[in-house]
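**Student:** Would you mind keeping the following structure in view while I ask a few things?
Quick note: the coordinates plus some simple rules give every number you see, no bench work behind them. Every value quoted in this text rests on a predicted model; they were computed, and no experiment measured them. Note that each Cβ is placed from the backbone with ideal geometry, even for glycine, and that neighbours are counted across all protein chains shown.
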Amino acid sequence: MLLEEFIQKLEPEFEDMPKGVLKPDTDYRTIKGWSSMHALIIIAFVDINFNITLNGSDLRSTKTITDLYNLVQQKKSS
Amino acid sequence: MPAIIKAISYYLPEKKFSNEDFGKIFPDSLSDANLKKLGIKERRIVGEHQTASDLAVESALQLFKEHDIDKNEIDFILFCAQEFDHYTPTTACLIQERLEIPTHCGALDFNLGCSGYIYGLSLAKGLIDACGSKNVLLLTSSTLTKTFHPKDKSSRYIFGDGAAATIINNGPNENNIGPFVFGTDGKRGDKIIIKDGGARNTITIESNVDFEDDYGNITNNAHFFMNGTSIFNFGLKTVPKMVEELLIKAGLKIDQIDLFIFHQTNNFMNDMIRKKIGIPEEKFVVHIENCGNTVSSTIPIALHESIRIGKAKKGQIILLAAFGTGLSWAATIIRL
C-alpha cells in the first residue's frame, strides 16, 4: 500500500474529520479533539489492514502520517 | 450433579453521569462520531457512602424478589470485588448477616476485575461438583469510579458502577457450565493498577503527584491508572485465541454457538474483537449504553437483559469471555 492509499483509507476512519485534511506531513496529534480514541482507531486500522500490532511507544516514536506509514512498512518487512 | 445458572438480577446505583455531564467537565474532548463508536450514553455512579458490598446486597435483594429465591437454601456466598469493606473480616461474611442467609453457608471474597464473573462461575461449579454445595450465590460488584482522578477523562467516560447477583445451583442431567479456559499474566500487572495505598506501597506525598498520559488523561499513583492502548491490544490478541481454545476444548464449532456475551469494555473494542473472530453481529450481545463498563458485572447484566428481551433463550449455547486487570482472562460456555 502506497502512502497516498494509506491516507485515503485511514482518513474516513476518523469520522469527524473533513475529507482532505489528512496530509503526509500532518502531525496527527494536532487532529482536532485528539484523544486516546484516535490512537485506538490508528491501532485498529493498522491491525486490520496490515496484521501488525502498534503499541503506545510505537505511536510515541512517530509524529506525522508519513512517520506512521514508514513505521508500518518497517514492521512489515522485519 | 451439574451446575446451572438458575437466576440473575442486578442493581445500578441511582446517580447518573450522562455524556452531557461529561461534556460539561471535559468540553470538546470527544467528538460525536467517537462517542457513537464507544456506545456509552450514561453510567451510574456509586454514592459517596455506598460500598461495593452495599451494591451487591441490593442486587441480591433484587434477585430474591424477582426470582422468588428462598435465601434459606443458599449454602455458599462468593463475593467478587476489588473494594472490600475492611481489611478483615471477609466482606462475604458480613453480607451473610445483612442478607439473613443461614449460618450454615460458606462465604468467601475473591479479588478480580473484569474477568471476575467467569472465575466466579468456575468456583461455583467447583463447589457444586466437588463439595456438594446446592445453591451458590455469586455476587459481583464494582465501585471503581471512587478510585478515579477527577481529571482522568478516559476512565470517567468508560466505567460505571453496579453489581449483579447470580444463583448457580445443581440442575438435572446435562452439564450446563463449562468447559473453561483461564489465563494470567502478572508481568503486565502495571497496565491496570492503583499503585499506592495497598500493602506494597503506602500512600506518601509522592503518591499524589499527578502525571499525564499521551492523551491528556491525568492521574497519579493514589488513583486508578489504565494504559488504554495496551489493554486494547491485549484484548485484540487474547480474546480470539481464548475463544479458539475454548471451542476446541468444548468440541464445538463457532457456528454452533447461539450467542456470544463478552465483557462489555466499549463498543469500538468489542466490535473489533467480534470482527477478528468472525462472529455475526446478530449473535453478539451489546449492552453498555446505559451503564458503561461495570467491570465484573458486565456479563451478568448483559445476560440478564438478553434473557429479558428474549434474545437469550432456553436451550441455547452461549459463549462468555472476559479480560481485564491482572492481567487476567477467562472464557466458558453455558447452556441456558
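**Student:** If I fit a long axis through the Cα atoms of helix A:36-50 and take the longest principal axis of the Cα atoms of chain A, what angle between them do I get, 0 to 90°, rounded to 10?
**Tutor:** 50 degrees
**Student:** Given the -39500 (n - 2.57) contribution per DSSP H run of 4+ residues, what per-residue ellipticity at 222 nm results for chain A, rounded to the nearest 500 deg cm²/dmol?
**Tutor:** Helix contribution divided over all residues of chain A: -15500 deg cm²/dmol.
**Student:** Between 0 and 90 degrees, rounded to the nearest ten: what's the tilt of helix A:65-77 against the longest Cα principal axis of chain A?
**Tutor:** 20 degrees
**Student:** So which helices of chain B fit the span-like rule, where a helix is a whole DSSP H run, its Cα atoms reach 24 Å or more along the axis, and its mean Kyte-Doolittle is at least -1.0?
**Tutor:** B:228-250
**Student:** Also, quick follow-up: Tell me, what is the Rg over Rh of the stretch B:20-118, with Rh the Kirkwood radius over Cα pairs?
**Tutor:** Result: Rg/Rh = 1.11.
**Student:** Within 10 Å of each Cβ of B:21-29, how many other protein chain Cβ atoms are there on average?
**Tutor:** What the average comes to for B:21-29 is 1.
**Student:** Please list B:164-172, B:59-67 highest first by mean number of surrounding beta-carbon atoms within 10 Å per residue.
**Tutor:** The densest-packed peptide leads the list: B:164-172, B:59-67.
**Student:** Give a residue-ordered list of calculated ³J(HN,Hα) values for the stretch B:160-172 (Karplus: 6.51 cos²θ - 1.76 cosθ + 1.60, θ = phi - 60°; whole Hz; x for Gly, Pro).
**Tutor:** x, 9, x, 8, 9, 10, 10, 9, 10, 10, 8, x, x
**Student:** If amide H atoms are built 1.01 Å from N in the plane of the peptide, which residues on other chains or at least 5 residues away come under 5 Å of the amide H of B:Phe225?
**Tutor:** Counting only residues 5 or more places away or on other chains, the set is B:Ile193, B:Ile194.
**Student:** Check the stretch B:178-335 and count each lysine pair with an alpha-carbon distance under 15 angstrom, considering only pairs eight or more places apart or from different chains.
**Tutor:** Lysine pair count for the stretch B:178-335: 11.
**Student:** Now for a separate question. Would you mind pulling out the separation of the Cα centroids of the stretch B:247-298 and the stretch A:1-53, in Å?
**Tutor:** 26 Å
**Student:** So what is the calculated 222 nm ellipticity per residue for chain B, using -39500 (n - 2.57) for each DSSP H run with n of 4 or more, over all residues, to the nearest 500 deg cm²/dmol?
**Tutor:** -9500 deg cm²/dmol
**Student:** Another one. What does DSSP give for the stretch B:178-335 in terms of the percent of beta bridges that are antiparallel, rounded to the nearest 5?
**Tutor:** Of the beta bridges lying entirely in the stretch B:178-335, close to 75 percent run antiparallel.
**Student:** Starting from the amide H of B:Thr325, placed 1.01 Å from N in the peptide plane, find each other amide H under 5 Å away whose residue is 5 or more places distant or on another chain.
**Tutor:** B:Gly113, B:Cys114, B:Ser115
**Student:** What area, in nm² and to one decimal, does the C-alpha convex hull of chain B cast on average over all directions?
**Tutor:** 16.7 nm²
**Student:** Out of the DSSP beta bridges found with both residues in the protein assembly as shown, what percent are antiparallel (nearest 5)?
**Tutor:** Of those bridges, close to 70 percent are antiparallel.
**Student:** If you rank A:Met17, A:Met37 by fewest surrounding Cβ atoms within 10 Å, what's the result?
**Tutor:** Least crowded to most crowded, the residues run A:Met17, A:Met37.
**Student:** Once you wrap a convex hull around the alpha carbon atoms of the protein assembly as shown, what is its projected area averaged over all directions, in nm²?
**Tutor:** 21.0 nm²
**Student:** Collect residues whose amide H, placed 1.01 Å from N in the peptide plane, falls under 5 Å from the amide H of B:Thr294; neighbours closer than 5 in sequence don't count.
**Tutor:** For B:Thr294, whose amide H was placed from the backbone, the distant partners under 5 Å are B:Gly160.
**Student:** Starting at 0 and stepping by 10 Å, how many percent of the alpha carbon pairs of the stretch B:275-314 end up in each bin?
**Tutor:** Computed distribution, short to long bins: 27, 48, 25.
**Student:** Considering chain A, what Rg and Dmax in Å follow from its alpha-carbon atoms?
**Tutor:** 11.4, 34
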